[in-house]
Amino acid sequence: MYLYHFYDKRTGPFRSLTSISTDEAKRVMEQIKKERPNSLCAQRHDHYVEYRHNCEQILKTEFAKKGGVMEIDSPHYMVIEFSLWLYTWYEQPEFIRIPIGEFDIKTLSFTYGDSMPTFSDRVNDGKEYRKKLYTYEEILQVIDKYGLPQDWNDDGKYGPERYIEVHVWSDNVINRYCS
């Protein structure tokens with residue numbers, strides 16, 4: 001199993017809006033909207049940063065309940081296996097692929113689908129994986145039951161889940177791929 005991180009070549013990998021101040025993040029978003037208007041990131045709404053911070057607080061709370069190890073305050077975002085849809089988010093797309101075996105799995109949490117719709121009050125379809133965060137062992141069971149979303153829902157026709165989001169709560173492996 002591989003974890004993928006998608007990004008724009010001009011920006012570089014593992015840049016996080018939630019690891020900087022809200023004001024700075026909003027400035028970065030405005031710059032993206034001006035310089036890369038065709039990217040999906042440029043289409044985010046004005047309150048995206050606040051929503052993302054709120055979602056990350058939920059991720060932290062739920063991961064702590066499961067005994068997860070959080071070495072950093074804001075996670076790095078990756079997905080399980082390749083997602084063509086995520087690749088198309090960027091005008092100059094690139095990705096990093098890392099074998100999951102390189103990570104300490106105690107520093108990884110997962111949502112079946114993007115964490116924002118997973119924990120959103122707007123998505124109320126009754127699917128069992130809504131409002132849930134998983135450990136590595138738990139997500140393997142969900143994958144056994146449902147498969148990878150990008151295999152059955154890459155176009156989003158069946159709901160918001162298009163990939164399995166991975167939250168990497170450590171810089172250890174990430175730093176080796178960013179140097």
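Just so you know, all these numbers are worked out from the coordinates, no wet-lab data involved. Please read these numbers as outputs of a predicted model, since none were measured by experiment. Cβ atoms come from the backbone with ideal geometry, glycine included; neighbour counts cover every protein chain shown.
General remarks:
- The chain: most fluctuating residue of 105, 143, 96 per GNM, C-alpha cutoff 10 Å: 143
- Relative contact order of the stretch 116-179, taken over Cα pairs closer than 8 Å and 6 or more residues apart, is 19 percent.
- Computed about its Cα centre, the charge dipole of the chain is approximately 240 debye, with only Lys, Arg, Asp and Glu carrying charge at their Cβ.
- Antiparallel content of DSSP bridges confined to the chain, in %, to 5: 95
- Peptides 106-116, 168-178, 76-86 ordered by average Cβ neighbours within 10 Å, highest first: 106-116, 76-86, 168-178
- Were the residues from residue 15 through residue 65 laid out at 0.36 nm apart, the gain over their Cα-Cα distance would be 15.3 nm.
- Value of relative contact order over the chain, rounded to a whole percent, pairs C-alpha under 8 Å and six or more apart: 31
- Working note: Karplus 6.51/-1.76/1.60 with θ = phi - 60° gives the stretch 55-63 the couplings 4, 5, 5, 5, 4, 4, 4, 5, 5 Hz, where Gly and Pro are set to x.
- Summing charges over all other residues whose Cβ lies under 15 Å from the Cβ of residue 128, with Lys and Arg as +1 and Asp and Glu as -1, gives +1.
- Cα-Cα separations in the chain greater than 26 Å, expressed as whole percent: 26
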